[in-house]
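Colleague: One structure, pasted below without further comment.
The values are calculated or read from the model by the stated rules, or taken from the named source; none is laboratory data. Since the model is a prediction, treat every value here as computed from it, not as a measurement. Because the Cβ atoms are built from the backbone with ideal geometry, glycine has one as well, and the counts that use them run over all protein chains shown.
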Amino acid sequence: MLHRYPKRVAIIMLILTALVAAFPLWGEAVFGTQANFMLEKLTLMLILALFAMSLDLLVGIVGLVSLGHALFFGLGAYTLALASPDFSPASMWWMLPLVMGVSASIGLFIGVLVIRTKGIFFIMTTLAFGQMLYYFISTSQFAGGTDGVFIMFRPSLAIGERTLVDLDNPYSFFYFCLGMLLIGYFFLRWLTRSYFGQVLDGIHDNEHRMQALGYATSGYKLIAFVIAGVMAAIAGMLAAMQYGFANPAQLGWHTSGEVLMMLILGGMGTIFGPILGAFAYEILLFIYEHATTHWPILMGLTIIAAVLVLPRGIAGLIIAPPWQRKRNNDDAPAAKKEQASEAVQSTTPRKEG
């Protein structure tokens, strides 16, 4: 699972990142009066990419398919909404640790209960916990019920009276979300290449073998579950900051299903694949919604086609393009023949002179 990808992966991702970061320079020239709307849409893609990356840690790296991951996404949004003052902006210096602490605590509690299950049972238990919180929030007056909670002011990022980043400015908030995505990406990249990540990779391949080697696999999976929940909660907080409200729909299984589709579309277990999947999903959603009112049918067919044609997602096309796979397949018989010849030579006894 934890492969070292070709250099073209880093080159392509750097080009795409530079293109996104430079949107304020070329966005107005391309989209004209729709530039502000496209900036908002692009900011949402960055947030969803962070959300999808957090799920990839569970599904792609550890092998735990969760249908309740939206629980943490909505938890981050509601923590921000309920903890924010009514008449002044909260400070990001304490709001971000609060969101991380609440999500880590809830993730630890739920993780202890669900991490013992596997396969379909893990899927159903995570779905059950997500739906329980969904119905609790949607029927609670303190959380605004089905209407949700509005956020009057975005948190401020300042030191004393000096504002470091004006999060009320759409461009500043865009770059703030981009920075959070990059931090999340490099953190997961470091985590998966560390000793801890190697153990997670072993658990994904064969958990029983890892247990036989003496590893407490439940503890490793629990830590990964909590980390994924914290990252999803940060994405939920950013989503609530962008739109100014927290809604029960952010907790529902539909949201978990959508982010799972982003993961399938982009490529699981690659870290960068979910980013591509989130962008591709939102672009397709924008096109389909403007094409027909029956856009869910088109989206469903697209995901089915992606599963059949691109089993490794968009990331698979970058890692191993079709022409390279064909060349490798053509070279495989010759390579096997050469290996067999070397094996025969190595086992043939030499005659004494």
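Colleague: Would you check which residues across region 308-323 are in a helix (DSSP H, G or I) and touching a Leu at 6+ places or on another chain (Cβ under 9 Å) and list them?
Modeller: Correct list: GLY313, ILE314, ALA315, GLY316, LEU317, ILE318.
Colleague: Quick one: which residue in GLY32, GLY60, GLY27 is in a helix (DSSP H, G or I), at positive phi and at pLDDT below 95?
Modeller: GLY32 is the lone residue from the list that is in a helix (DSSP H, G or I), at positive phi and at pLDDT below 95.
Colleague: In addition: Name the residues in region 172-231 that are touching a Gly at 6+ places or on another chain (Cβ under 9 Å) and outside any helix (DSSP H, G or I), would you?
Modeller: Answer for region 172-231, where residues must be touching a Gly at 6+ places or on another chain (Cβ under 9 Å) and outside any helix (DSSP H, G or I): LEU213, TYR215.
Colleague: One residue is enough: does region 202-210 have a residue meeting the conditions crowded, with 17+ Cβ neighbours inside 10 Å and closer than 30 Å to LEU39 by Cα?
Modeller: No: zero hits.
Colleague: Can you find a residue that is touching a Lys or Arg at 6+ places or on another chain (Cβ under 9 Å) and under 26 Å from ILE303 (Cα atoms) anywhere in region 227-247?
Modeller: Within region 227-247, none of the residues are touching a Lys or Arg at 6+ places or on another chain (Cβ under 9 Å) and under 26 Å from ILE303 (Cα atoms).
Colleague: Then there is this: Looking at region 273-293, I want the residues that are in contact (Cβ under 8 Å) with a residue 60 or more places away in the chain and have a partner that is surrounded by 18 or more Cβ atoms within 10 Å (Cβ to Cβ) and among the aromatic types (Phe, Trp, Tyr) with Cβ atoms under 9 Å, at least 6 apart or on another chain. Which pairs are those?
Modeller: PRO274/PHE51; ILE275/TYR185; ALA278/PHE51
Colleague: Yes or no: GLY119 at pLDDT below 95, on the phi > 0 side of the Ramachandran plot and surrounded by 19 or more Cβ atoms within 10 Å (Cβ to Cβ)?
Modeller: It is false that GLY119 is at pLDDT below 95, on the phi > 0 side of the Ramachandran plot and surrounded by 19 or more Cβ atoms within 10 Å (Cβ to Cβ).
Colleague: Same structure, new question: Here is a list of conditions, (1) under 21 Å from LEU276 (Cβ atoms); (2) surrounded by 13 or more Cβ atoms within 10 Å (Cβ to Cβ), and SER84 meets all of them except one; can you say which number that is?
Modeller: It fails just one condition, (1).
Colleague: Which ones in region 159-171 are surrounded by fewer than 15 Cβ atoms within 10 Å (Cβ to Cβ), part of a loop (DSSP other than H, G, I, E, B) and not acidic (Asp, Glu)?
Modeller: Within region 159-171, GLY160, ASN169 qualify.
Colleague: Okay, next question. Given the conditions (1) in a helix (DSSP H, G or I); (2) free of Cβ contacts under 8 Å to residues at least 40 places away in the same chain, and given that ARG4 satisfies all but one, which numbered condition is not satisfied?
Modeller: Going through (1) in a helix (DSSP H, G or I); (2) free of Cβ contacts under 8 Å to residues at least 40 places away in the same chain one by one, ARG4 breaks only (1).
Colleague: OK, next. Among the residues of region 265-293, write down those that are under 13 Å from the mean Cα position of the chain (by Cα), in a helix (DSSP H, G or I) and surrounded by fewer than 24 Cβ atoms within 10 Å (Cβ to Cβ).
Modeller: PHE279
Colleague: Within region 243-255, which residues are touching a Leu at 6+ places or on another chain (Cβ under 7 Å) and either surrounded by fewer than 24 Cβ atoms within 10 Å (Cβ to Cβ) or at pLDDT below 90 (or both)?
Modeller: Residue satisfying the conditions is TRP253 alone.
Colleague: Moving to a separate point now. Might you check whether a residue that is farther than 19 Å from ILE264 by Cα, of a type in the set (Val, Ile, Thr), buried (at least 19 other Cβ atoms within 10 Å of the Cβ) and modelled with pLDDT of 95 or more occurs anywhere in region 131-142?
Modeller: no
Colleague: Do we have any residue at all in region 99-106 that's of a type outside the set (Val, Ile, Thr) and either in contact with a Ser or Thr (Cβ under 6 Å, 6 or more places away or on another chain) or under 25 Å from GLU282 (Cα atoms) (or both)?
Modeller: no
Colleague: List the number of the failed condition for SER66; all other conditions in (1) part of a helix (DSSP H, G or I); (2) under 24 Å from ILE223 (Cβ atoms); (3) among the small types (Gly, Ala, Ser) hold.
Modeller: (1)
Colleague: Another question, then. Pairs, please: C-beta under 7 Å, at least 6 apart or cross-chain, first residue β-branched (Val, Ile, Thr) and in region 154-167, second not in a strand (DSSP E or B)?
Modeller: Qualifying pairs under 7 Å: VAL165/SER172; VAL165/PHE176.
Colleague: What residue, among those in region 172-201 that are surrounded by 15 or more Cβ atoms within 10 Å (Cβ to Cβ) and among the β-branched types (Val, Ile, Thr), is nearest to the chain's Cα centre (by Cα)?
Modeller: Going through the qualifying residues, I end up with THR192.
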